[in-house]
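Novice: Input: one structure, supplied below.
The values are calculated or read from the model by the stated rules, or taken from the named source; none is laboratory data. Since this is a predicted model, take the numbers as computed values, not measurements. Positions of Cβ are backbone-derived with ideal geometry, glycine not excepted, and every protein chain shown enters the neighbour counts.
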Amino acid sequence: MTETGTEQGLPGLSFEPEDVYVLTELEQVRAATTPLRIQILDCLGIRAMTVREVGQKLEISSTKLYYHVGELERVGLVRLVHTDVQAGIQQKYYRAVAHYYYLSPDLLRDFSSGEDADASASFMTSQLDTAAMGLRNAFLAGEIDVDTASIPSMQHLDGRARE
């Protein structure tokens, strides 16, 4: 017997994430600050997948991922979109709610609260780390062509060229 996502009130496999989702809650920011969870969101932004499929793609044990997917679902960054029963085993398909995530300006405004500042800084740092890792991997894979002749020379603050 197969259960479709729509029969259970789920959006189904055709669910498409929003382009942008604004993180407005501190819990959402905390949930999205680990590199592993960012990788999970990236996978689930492409298509609906089971936790097992995410584990295969990331080459990580699916048992480790169940907790992380559950936390992302709990704070609303991932949602269950479809369930299917195959050979008596229920398969749950998840999807990220968006392709891109941004911090609400409200979370960035009040840095007087140490907790808010720390969570916002962690999110920003994790985003920079993820971008740097992606650039490094693309460079090592030869996907980025560096033409050193087109790179402007480094300059001192006073405008003089470095030697």
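Novice: Are there any pairs with C-beta distances below 9 angstrom linking a residue in the stretch 79-103 that is farther than 26 Å from T24 by Cβ and aliphatic (A, V, I, L, M) to a residue that is at pLDDT below 90 and part of a loop (DSSP other than H, G, I, E, B), with the two at least 6 apart or on different chains, and if so which?
Specialist: V85/M1; V85/T2; V85/E3
Novice: May I ask you to list pairs of residues, at least six apart or on different chains, whose Cβ atoms are under 6 Å apart, with the first in the stretch 58-71 being touching a residue at least 40 places away in the same chain (Cβ under 8 Å) and the second being part of a helix (DSSP H, G or I)?
Specialist: Close Cβ pairs satisfying both conditions: E71/A31.
Novice: Now for a different question. With at pLDDT 75 or above, touching a strand residue (DSSP E or B) at 6+ places or on another chain (Cβ under 7 Å) and among the hydrophobic types (A, V, I, L, M, F, W, C) as the only criterion, which of A98, A141, A87 stands out?
Specialist: Numbers: A141 fails: touching a strand residue (DSSP E or B) at 6+ places or on another chain (Cβ under 7 Å); A87 fails: touching a strand residue (DSSP E or B) at 6+ places or on another chain (Cβ under 7 Å).
On inspection, the qualifying residue turns out to be A98.
Novice: Which of the residues belonging to the stretch 55-68 are at pLDDT 90 or above and small (G, A, S)?
Specialist: Listed by number, the residues that qualify are G55, S61.
Novice: Go through the stretch 1-99 and tell me which strands (runs of 3 or more DSSP E), entirely inside it, have 3 or more residues that are in contact with a helix residue (DSSP H, G or I) (Cβ under 9 Å, 6 or more places away or on another chain) and more than 23 Å from L128 (Cα to Cα).
Specialist: Answer list for the stretch 1-99: 78-86, 89-96.
Novice: Kindly indicate the residue of the stretch 1-54 that is within 20 Å of Q86 (Cα to Cα), modelled with pLDDT under 90 and among the aliphatic types (A, V, I, L, M) and also nearest to the chain's Cα centre (by Cα) among those meeting that condition. Steps first, answer last, please.
Specialist: Within the stretch 1-54, the first condition is being within 20 Å of Q86 (Cα to Cα), and the residues that meet it are 1-14, 47-54.
Checking which are modelled with pLDDT under 90 leaves us with 1-14.
Keeping just the survivors that are among the aliphatic types (A, V, I, L, M) gives 1, 10, 13.
Values: M1: 33, L10: 22, L13: 19 Å.
Among them, the one singled out is L13.
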